[in-house]
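Nothing in this text is a laboratory measurement; each read-out follows from the coordinates by a stated rule. These figures come from a predicted structure and were not determined experimentally. Because the Cβ atoms are built from the backbone with ideal geometry, glycine has one as well, and the counts that use them run over all protein chains shown.
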Amino acid sequence: MSRESVEFAERLKAARERLVATNINDAALAVCISGLGRLEEALRKPLRVVILGENNSGKTSVADLLIGQGLLPTSVVSNTHVPVMIAHAEQAAVYGINYEGTRIRIDGDDDDDALTDLSYRALQVFLPIAWLRGFQVLDTPPSVSPAMFVDDADIVIWCTVSTRAWTESERAVWAALPARCSRNALLVATHKDGLDTEDDISFVTQRLKSLTAGQFRDVVLVDGESASDQDAPSDPGWSGADDLRAAVSRLASDIMDRRSQKAEKIVRRLARLTFHQFAVDEVRPEAVELLLRWEAHTRRLLELLQQEQTTVPEAIEALLAAYAVYAEKLRPGVVRGDDTISATASRALAAPVRWPRQTTAAARLVQTLASDLTGLLRMLSGHSSFTDPTVRAEYQAARAIVLTLADLDGAFDALGRMMGSSLVSEQV
Ligand SMILES: Nc1nc2c(ncn2[C@@H]2O[C@H](COP(=O)(O)OP(=O)(O)OP(=O)(O)O)[C@@H](O)[C@H]2O)c(=O)[nH]1
Ligand SMILES: [Mg+2]
């Protein structure tokens with residue numbers, strides 16, 4: 001996981017916990033809190049590494065290398081008949097899933113019989129290994145088509161035997177898999193110990209890289225048997241386990257960054273919805289009249305824009321100027337003040353924006369701006385309705401968090417940038 005995505009997940013968690021701690025009973029806030037929780041869960045979900053390859057190509061040995069050589073229970077090591085899922089748990093355990101879908105623990109003390117996985121359709125192995133907190137490994141049986149396993153794969157590893165790597169049949173099977181498999185795929189060539197010299201190793205590596213260019217993100221050679229092989233070089237890097245894990249980590253970082261970027265977008269949207277809905281009933285009675293006037297004012301401006309009686313730049317300037325007036329009326333000093341809302345708004349007012357000419361996209365932007373400003377004003381209208389200073393402070397804290405998550409500052413900056421660039425492109 002990259003540092004940014006870890007930090008992002010932490011930030012979400014902190015924001016959610018602080019929102020929960022406000023103890024505010026508000027429907028919009030509740031939706032926001034549960035949405036943030038679900039996103040955190042999705043961000044924390046271990047990545048699924050699916051190991052594919054032909055019969056005896058070293059798939060199980062590669063799974064073993066990934067989690068730490070020799071850590072897989074011997075009962076699941078040889079001849080994989082059914083899919084084996086390896087995941088993290090504080091206590092080691094092995095389960096069989098029978099054909100009715102029931103999960104049966106099969107490593108208990110009372111079960112002395114050798115494990116016959118033929119009576120199960122899948123096995124689940126849980127191990128207290130730190131690496132498995134971020135990854136789930138699926139070791140697949142050669143008897144089932146690889147296509148069955150790739151749907152929910154985050155990372156796909158194809159195992160091939162170094163000494164006869166990337167055969168015609170392997171090529172055909174790989175080519176038949178959905179193209180998206182290649183995006184996060186590694187080609188792992190096992191039986192590196194079957195190659196005689198360092199030159200042979202680099203020759204095979206280069207050959208595989210050029211043969212499979214564009215189909216895998218990386219090629220790694222490993223010796224899955226080095227632990228039990230007396231003749232294996234004593235070099236700790238020889239097995240290739242470190243290279244393999246490094247390659248998996250690189251893919252994982254990219255995936256996590258993409259996940260976080262998607263999550264950031266969702267958080268912004270969720271927080272925007274929240275801030276428009278949050279405490280809508282809390283508007284002070286004396287502020288209602290002002291808000292109604294503001295809404296009528298923005299409606300008129302938007303109509304004028306639609307009828308092309310005003311331009312986008314004029315409409316934006318009018319909106320921001322009116323916003324400043326109404327904000328001051330609702331909470332004197334707010335436009336010059338230093339709390340979160342005013343800081344957000346005043347930055348928008350102070351932003352050195354260059355306005356674009358009339359475009360549909362720009363008109364839509366004006367509408368969004370108008371509705372965001374309405375939301376901000378509504379927040380200002382609700383603030384002081386609570387006489388209890390503690391409750392008021394909690395509402396203020398919740399609003400500040402939601403505003404930060406909604407990244408209105410970022411939205412205003414983007415507005416400025418977009419306007420700047422659209423002006424430039426019109427000049428070209
Ligand atoms: N010398 C050597 N033997 C290996 C290597 N990798 C795997 N083997 C051996 O090759 C045999 C097959 O390895 P597995 O890891 O079970 O292969 P698999 O693809 O999981 O096999 P199936 O699940 O039956 O398809 C085993 O006897 C392993 O000990 C390697 O890098 N070098
Ligand atoms: Mg196997």
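Ordering W166, W294 from the fewest to the most neighbouring beta carbons within 10 Å gives W166, W294.
Using the average count of surrounding beta-carbon atoms within 10 Å as a protection proxy, the listed peptides 172-178, 60-66 rank, highest first, as 60-66, 172-178.
Shape class for the stretch 233-305: prolate, because the ratio a/c of the largest to smallest gyration tensor axis (alpha-carbon atoms, square roots of eigenvalues) is 1.5 or more and a/b beats b/c. 3J(HN,Hα) along the stretch 195-208: 8, 7, 10, 4, 5, 4, 4, 6, 5, 5, 4, 5, 4, 5 Hz, from the Karplus curve 6.51 cos²θ - 1.76 cosθ + 1.60 with θ = phi - 60°, whole Hz, x for Gly and Pro.
Once the C-beta distance of R183 and V288 is scaled by a Förster radius of 51 Å, the resulting FRET efficiency is 0.45 to the nearest 0.05. Database remark: amide H of R48 closer than 5 angstrom to the amide H of Q136, D154, I155 (H placed geometrically; neighbours at sequence offset of 5 or more, or on other chains; Pro and chain starts carry no H).
Across the stretch 47-239, the mean sequence separation of Cα contacts (distance under 8 Å, 6 or more residues apart), normalised by length, yields a relative contact order of 26 percent. When only the Cβ of Lys, Arg, Asp and Glu is charged (+1, +1, -1, -1), the dipole of the stretch 47-239 relative to its Cα centre reaches about 1040 debye.
Modelled spin-label separation between I266 and T167, with each label point placed 7 Å from Cα along the Cα-to-Cβ direction: 4.2 nm. Multiplying the residue separation of E41 and R392 by 0.36 nm and removing their Cα-Cα distance gives an extension gain of 123.3 nm. Backbone amide hydrogens, once placed in the peptide plane, bring D107 within less than 5 Å of V94, excluding anything fewer than 5 places away on its chain. Rounded to the nearest 0.05, what FRET efficiency is calculated for N56 and T360 with R0 set to 51 Å and r the Cβ-Cβ distance? Calculated value: 0.25. Placing pseudo-labels 7 Å out from each Cα toward the beta carbon at E317 and T197 gives an inter-label distance of 7.8 nm. Taken one residue at a time, the phi angles of the stretch 293-304 give Karplus couplings (6.51, -1.76, 1.60, θ = phi - 60°) of 5, 4, 5, 5, 4, 5, 4, 4, 4, 5, 5, 4 Hz. Gly and Pro are set to x. Using a cutoff of 8 angstrom between alpha carbon atoms and counting only pairs six or more residues apart, the relative contact order for the stretch 128-196 works out to 39 percent.
Annotation: the residues S57, S78, S34, sorted from fewest to most other C-beta atoms within 10 Å of their own C-beta, follow the order S78, S34, S57. In this structure, L211 and E17 have a Cβ-Cβ separation that, at R0 = 56 Å, corresponds to a calculated FRET efficiency of about 0.65. Counting every other Cβ atom within 10 Å of each residue's Cβ, T311, T80 order from fewest to most as T311, T80. Rounded to the nearest 20 debye, the dipole size of the stretch 253-327 about its Cα centre is 420 debye, using +1 on the Cβ of Lys and Arg and -1 on the Cβ of Asp and Glu. The modelled label-to-label distance between D242 and R3, using points 7 Å beyond Cα along the C-beta direction, is 2.2 nm. Close amide-amide hydrogen proximity is noted between A189 and T160, V220, L221, V222, each under 5 Å apart and 5 or more residues distant or on a separate chain (H modeled in the peptide plane; Pro and chain starts excluded).
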